[in-house]
Each structure stands twice: as C-alpha cells, then as structure tokens.
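The block underneath contains the structure these notes are about, expressed in structure tokens.
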Amino acid sequence: MNADAPLVLIIMGSDSDLSVMQEAAEILKKFTVPYEMRISSAHRSPTRTSAIASDAADRGVKIIIAGAGMAAHLAGVVASKTILPVIGVPMPGGALNGVDALYSTVQMPAGIPVATMAIGKAGAKNAALFAVHILALSEPALSDALKAYRVEMDSMLENIDLELQARQ
Ligand code: RP5
C-alpha cells in the first residue's frame, strides 16, 4: 500500500493518537487509496510539522487528515502551511475528553479552513471517507466503491434487524 505515492497524508500529534487514527488508515486500505501516516506535533515539533505540511502537495498528496488532542492546533497549523484540503479529527482523552480538541480544531478563524469531524474513532473513519469522497470527484472507480460501501452498510443493518426480529 505505502509503496505507492501517498494521496492522503494522515498526521497526528502523538503516538497516543495512533489507535484512533488507525481507523482512518483502515478505511483508506479498504478503498485502496495510498496513504502515509506521520507523527508530528504542532507544539512539540513545530518546525518538522511545518515542513511536512509545506512539502505535501509537491509529493503528490491531495488531502491531509490531522488528528490531535487537548489544545489541538495541529490541523490549523497544517492548514496554514498548505492549500490542500485539511480534515481535522479531535482526539478523545485529557481532562475534557476531547471537547477541548473539538473546539480547538473546529473554531478556526476565517481564512484558513479545517473540515472538522467528530471526536474519536467515528471522526477518524469519517475523515478517511470524506477524503475518499473528495478523491471520487475525479475518480469514477472510487465513486462506485463508495456507493457499494453504502449498500454494504445497509445490508449489514438489515441483517442485524432480521436477527433481532427472529429472536422476538
Ligand atoms: C496532543 O496532545 C496529541 O495529539 C495528543 O492527543 C495529546 C497528548 O499527547 P501525549 O501527551 O499523549 O503525547 O498534542
């Protein structure tokens, strides 16, 4: 997978974010979208973070997913260094359990947008799906795959419903 040039860059502020952000990677794997994962913090490694964001477009990356917790400035800082679309994922945990990261990520001042997803694993999954939706604008095979994914979700839920009815 990672042998191909990455179309999506997943960046996170700490290795403590990895178990959540792995959900995004799994979705990209499912849709066979090449990606790479990096750990770099807006606060602890600002110079490296800035370089990763600045170089991404030249390396062929189309979309960046940034996950961070607590005073989560990563998505905003990354967005300030690139014109690629940036999708932010607030991490759960900390004293405020992700609400701090949600506000830090979503409340961007006008001019530098970050598309913010839900806190935690649902947000990480949706960030990757959103990236696939963007790529599907110019890739019909991905568009078909997204339609098939929705049919798959519908069938799964229908089967669960049928099992529930059979137990009543
Ligand atoms: C943020 O601080 C990271 O994204 C992480 O969610 C949070 C805590 O980091 P660790 O102290 O666990 O490394 O920068």
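The values are calculated or read from the model by the stated rules, or taken from the named source; none is laboratory data. Since this is a predicted model, take the numbers as computed values, not measurements. We place every Cβ from the backbone using ideal geometry, glycine too, and count neighbours over all the protein chains shown. For the accessible areas, the whole protein counts, side chains as well, though only heavy atoms, and no ligand, DNA or RNA atoms are used. Shrake-Rupley method; radii C 1.70, N 1.55, O 1.52, S 1.80 Å.
Centre-to-centre, using Cα atoms only, segment 32-90 and segment 122-140 are separated by 16 Å. Computed about its Cα centre, the charge dipole of the chain is approximately 420 debye, with only Lys, Arg, Asp and Glu carrying charge at their Cβ. FRET efficiency for the pair residue 83 and residue 163, taken as 1/(1 + (r/R0)^6) with r the Cβ-Cβ distance and R0 = 45 Å, rounds to 0.40. Rounded to the nearest 20, the size of the Cβ-charge dipole of segment 72-160 about its Cα centre is 260 debye, with Lys and Arg at +1 and Asp and Glu at -1. When its C-alpha radius of gyration is set against 2.2 N^0.38 Å (N residues), the chain gives a value of 1.09. With each label modelled as a point 7 angstrom along the Cα→C-beta vector, the residue 15-residue 110 pair spans 4.3 nm. Quick one: compute the contact order of the chain, relative version, from alpha carbon pairs under 8 angstrom and 6+ residues apart, as a percent. For the chain, the relative contact order is 21 percent. In the chain, the longest principal axis of the Cα atoms and the axis of helix 140-167 are about 50 degrees apart.
How charged is the neighbourhood of residue 127? Take every other residue with its Cβ under 11 Å from the Cβ of residue 127, and add Lys/Arg as +1 and Asp/Glu as -1. Result for the neighbourhood of residue 127: +1. The amide H of residue 88, built 1.01 Å from its N in the peptide plane, has 66, 115, 116, 117 as neighbours under 5 Å, considering only residues 5 or more places off or on other chains.
Among the aspartates and glutamates, select those whose C-alpha is under 19 Å from the C-alpha of residue 81, and discard any that sit fewer than 8 residues away in the same chain. Residue 81 reaches 36, 55, 58. This model, with +1 at the C-beta of Lys and Arg and -1 at the C-beta of Asp and Glu, gives segment 19-81 a dipole about its Cα centre of some 60 debye. Once neighbouring chains are kept in place and the probe is 1.4 Å, which whole percent of the accessible area of segment 1-141 is contributed by carbon and sulfur? That fraction is 58 percent.
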